[in-house]
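A short worksheet on the structure shown next.
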């Protein structure tokens, strides 16, 4: 049987540590379409982590944040999220432009810890209809989901959210520029905000 989640490298360790049957049971719980609970969780998260790689396989991991609803489940096996003004490196988007494979980790550290992993293929959209209704978005990223699976939350610390980030774009609120953009070492190289 061909596995959606595991390759031979995974299987070697599963066999060494006696966890192949457990891994198979977890794979049985994976899916390619969002459940109602998945959709609710994803759309209420205020951040997630995205893993990308370039054409040589060199990885990058980035934090993406916003107000609840900044990530939207747009179809049974698709989600979309905005690209906001950042540090100008375009590590994630640059990787996605040359290698569409992506891994997303949605995690809740507040109230009841929870994690959900999503793997798929991403595309960058400069003309996405969601751009018009997403304050602060420069571009939209659409992810076609290959697999969704839960992840054990046992090592997630219990944390308290004291306040949302002042940098999260909001309707009718002028964007707050980060302090680092005014540092002498960046004078003359910070491009104007596009969105």
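Do we have residue 42 as within 16 Å of residue 119 (Cα to Cα), in contact (Cβ under 8 Å) with a residue 12 or more places away in the chain and not in a strand (DSSP E or B) here? Give the derivation first.
Values: within 16 Å of residue 119 (Cα to Cα): yes; in contact (Cβ under 8 Å) with a residue 12 or more places away in the chain: yes; not in a strand (DSSP E or B): yes.
Against the criterion (within 16 Å of residue 119 (Cα to Cα), in contact (Cβ under 8 Å) with a residue 12 or more places away in the chain and not in a strand (DSSP E or B)), residue 42 qualifies.
Mind listing whichever residues of the range 11-29 are within 23 Å of residue 122 (Cβ to Cβ) and modelled with pLDDT of 95 or more?
Within the range 11-29, none qualify.
Restrict the check to the range 31-53 and report whether at least one residue is over 30 Å from residue 165 (Cα atoms) and over 18 Å from the mean Cα position of the chain (by Cα). Show your work before the answer.
Our first condition is that a residue be over 30 Å from residue 165 (Cα atoms); within the range 31-53, this holds for 31-33.
From what's left, over 18 Å from the mean Cα position of the chain (by Cα): none.
No, the range 31-53 has no match at all.
Filtering the range 129-169 down to residues that are more than 30 Å from residue 29 (Cβ to Cβ) and touching a helix residue (DSSP H, G or I) at 6+ places or on another chain (Cβ under 8 Å), which residue is surrounded by the fewest Cβ atoms within 10 Å (Cβ to Cβ)?
139
Do we have any residue at all in the range 170-182 that's surrounded by 16 or more Cβ atoms within 10 Å (Cβ to Cβ) and either under 30 Å from residue 37 (Cβ atoms) or out of contact with any strand residue (DSSP E or B) (no Cβ under 6 Å at 6 or more places or on another chain) (or both)?
The first filter runs over the range 170-182 and keeps only residues surrounded by 16 or more Cβ atoms within 10 Å (Cβ to Cβ), leaving 175.
Restricting the remaining residues to those that are either under 30 Å from residue 37 (Cβ atoms) or out of contact with any strand residue (DSSP E or B) (no Cβ under 6 Å at 6 or more places or on another chain) (or both) gives 175.
Checked the range 170-182: at least one residue is surrounded by 16 or more Cβ atoms within 10 Å (Cβ to Cβ) and either under 30 Å from residue 37 (Cβ atoms) or out of contact with any strand residue (DSSP E or B) (no Cβ under 6 Å at 6 or more places or on another chain) (or both).
Return the residues of the range 50-65 that are farther than 21 Å from residue 133 by Cα and crowded, with 16+ Cβ neighbours inside 10 Å; say none if nothing qualifies.
The answer is 50, 51, 52, 53.
Could you tell me which residue of the range 1-34 is surrounded by the most Cβ atoms within 10 Å (Cβ to Cβ), considering only residues that are in contact (Cβ under 8 Å) with a residue 24 or more places away in the chain, in contact with a helix residue (DSSP H, G or I) (Cβ under 9 Å, 6 or more places away or on another chain) and assigned to a loop (DSSP other than H, G, I, E, B)?
34
For (1) touching a helix residue (DSSP H, G or I) at 6+ places or on another chain (Cβ under 8 Å); (2) under 28 Å from residue 157 (Cα atoms), each residue gets a yes or a no:
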position	(1), (2)
52	yes, yes
81	no, yes
86	no, yes
98	no, no
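What do you reckon, is residue 68 in contact with a helix residue (DSSP H, G or I) (Cβ under 7 Å, 6 or more places away or on another chain) and loosely packed, with under 15 Cβ neighbours inside 10 Å?
Yes: the conditions hold for residue 68.
Considering only residues that are in a loop (DSSP other than H, G, I, E, B), in contact (Cβ under 8 Å) with a residue 40 or more places away in the chain and within 16 Å of residue 40 (Cβ to Cβ), which ones fall in the range 58-73?
Selection gives 67, 70.
The values are calculated or read from the model by the stated rules, or taken from the named source; none is laboratory data. Everything quoted here is computed from the prediction, not taken from an experiment. Cβ coordinates were reconstructed from backbone atoms using ideal geometry, including for glycine residues, and neighbour counts include every protein chain displayed.
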